[in-house]
């Protein structure tokens, strides 16, 4: 099915159809995790910010595609304090006429939660569209970002944004309803799905995903507001992956025992109906599962785009070694992943950009139309572990 056919069909389904082309170029970055406890959030540092800002020549719009602020590892006030210098510097660099759009993901879902709540306050809200601009109130936490980003304009879009008539971008957290990797959020989403129902295979709406995911995000955020230094699940997930995948120089008897019992635990979970989940947590399977789940999400939502940009998994792609067929949806949309701006040594390796989890990528969506493909950029040059891990 052609993209044009998809556009005609979807225009009847969604009250708001994709906008016509924008007369500006857009730079998309994702997964900044500003305020992360481990300190791997590179854009907290002036030298990393400057590497990004050097790519802004001719750019009038920057899209922060989810997980821009880390709201799961401690109180919101602490995360905002860490994030403020970046937003102020970005707004100053873009200047008057520049635009910053934040599209929340799972780690900063609380930024859009007040608007979602207000939509339902006086009765059943209208269906959540593929792309909407949130109406902000003065008491919303995100209202502070409006001031920080001046003189550039700031807006909040959710659950995605049309960058061009043929390019749609969203964080990608909806894929957690479909991935076969037994992450914390996949298990939580599967349990909630048993209560609220499965996502329809056709004609699904964002509300079908929010029904299972939003309550999970609200609970995690509430825990983070009360927790101390040990708040958050991000580090725990990485440690679990290293244990179960056998990654690391030494494997203790306890780790080997946990890894050997893991498949039996997954089989038991699948019997409850929360799955399907796989016990394979190798790096190759993590990549395949994330892309497959995103392709399924795009197909179920029938996103009428030629290109869909997402983040969430922290893995850039497609890369030359990837199977191109994996990076497309059943409707023919080409998938692109932004990667992250978080340095995680256990995933990233030691050679700059040799590993798909190496940080510092962006995707450029140029104003030329029609059909100039989005272009991946590497913005951290040859900076190695000694600099990124400082």
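The values are calculated or read from the model by the stated rules, or taken from the named source; none is laboratory data. What you see is a predicted model; the values in this text were computed from it and never measured. Neighbour counts run over all protein chains shown; Cβ positions are idealised from the backbone, glycine included.
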### Task
Filter the stretch 367-380 down to the residues that are at pLDDT 90 or above and out of contact with any helix residue (DSSP H, G or I) (no Cβ under 7 Å at 6 or more places or on another chain), then identify the one that is surrounded by the most Cβ atoms within 10 Å (Cβ to Cβ).
374
### Query
Looking at this structure, is residue 34 at pLDDT 50 or above, in contact with a helix residue (DSSP H, G or I) (Cβ under 8 Å, 6 or more places away or on another chain) and closer than 30 Å to residue 225 by Cβ?
yes
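Give the residue that is surrounded by the fewest Cβ atoms within 10 Å (Cβ to Cβ), with candidates limited to residues of the stretch 345-365 that are assigned to a loop (DSSP other than H, G, I, E, B) and within 21 Å of the chain's Cα centre (by Cα). It would help to see each step written out before you state the result.
As a first pass, look at the stretch 345-365 and keep what is assigned to a loop (DSSP other than H, G, I, E, B): 349-360.
If we keep only those that are within 21 Å of the chain's Cα centre (by Cα) too, we end up with 353, 355-360.
On the way: 353: 18, 355: 15, 356: 22, 357: 21, 358: 25, 359: 28, 360: 25.
Here the answer is 355.
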## Note on the structure
Per the list (1) modelled with pLDDT of 90 or more; (2) assigned to a loop (DSSP other than H, G, I, E, B); (3) farther than 30 Å from residue 387 by Cα, residue check on residue 312 breaks on (3)
### Query
Would you say residue 104 is touching a helix residue (DSSP H, G or I) at 6+ places or on another chain (Cβ under 8 Å) and surrounded by fewer than 18 Cβ atoms within 10 Å (Cβ to Cβ)?
no
### Query
If residue 71 satisfies every condition in (1) buried (at least 17 other Cβ atoms within 10 Å of the Cβ); (2) over 24 Å from residue 315 (Cα atoms) but one, which is the exception?
(2)
### Task
Could you grab me the full set of residues in the stretch 128-142 that are surrounded by 13 or more Cβ atoms within 10 Å (Cβ to Cβ) and over 27 Å from residue 314 (Cα atoms)?
136, 140
### Query
Out of all the residues in the stretch 319-342, is one or more more than 28 Å from residue 299 (Cβ to Cβ), in contact with a helix residue (DSSP H, G or I) (Cβ under 8 Å, 6 or more places away or on another chain) and in contact (Cβ under 8 Å) with a residue 24 or more places away in the chain?
yes
### Task
For residues that are modelled with pLDDT of 95 or more and part of a strand (DSSP E or B), scanning just the stretch 318-344, find the one that is surrounded by the fewest Cβ atoms within 10 Å (Cβ to Cβ).
334
### Query
Name the residues in the stretch 110-124 that are surrounded by 19 or more Cβ atoms within 10 Å (Cβ to Cβ) and part of a loop (DSSP other than H, G, I, E, B), would you?
112
### Task
Considering each residue of the stretch 148-170, count those that are in contact with a helix residue (DSSP H, G or I) (Cβ under 9 Å, 6 or more places away or on another chain) and either within 17 Å of residue 100 (Cβ to Cβ) or not in a loop (DSSP other than H, G, I, E, B) (or both), and give that number.
13
### Message
Residue under question is residue 136, and the condition is that it be within 21 Å of residue 310 (Cβ to Cβ) and either assigned to a loop (DSSP other than H, G, I, E, B) or touching a helix residue (DSSP H, G or I) at 6+ places or on another chain (Cβ under 9 Å) (or both); does it hold?
### Response
no
### Message
Let me spell it out: the conditions are (1) within 14 Å of residue 296 (Cα to Cα); (2) without any contact (Cβ under 8 Å) to a residue 40 or more places away in the chain; (3) outside any loop (DSSP other than H, G, I, E, B), and residue 198 meets all of them except one. Which number is the exception?
### Response
(3)
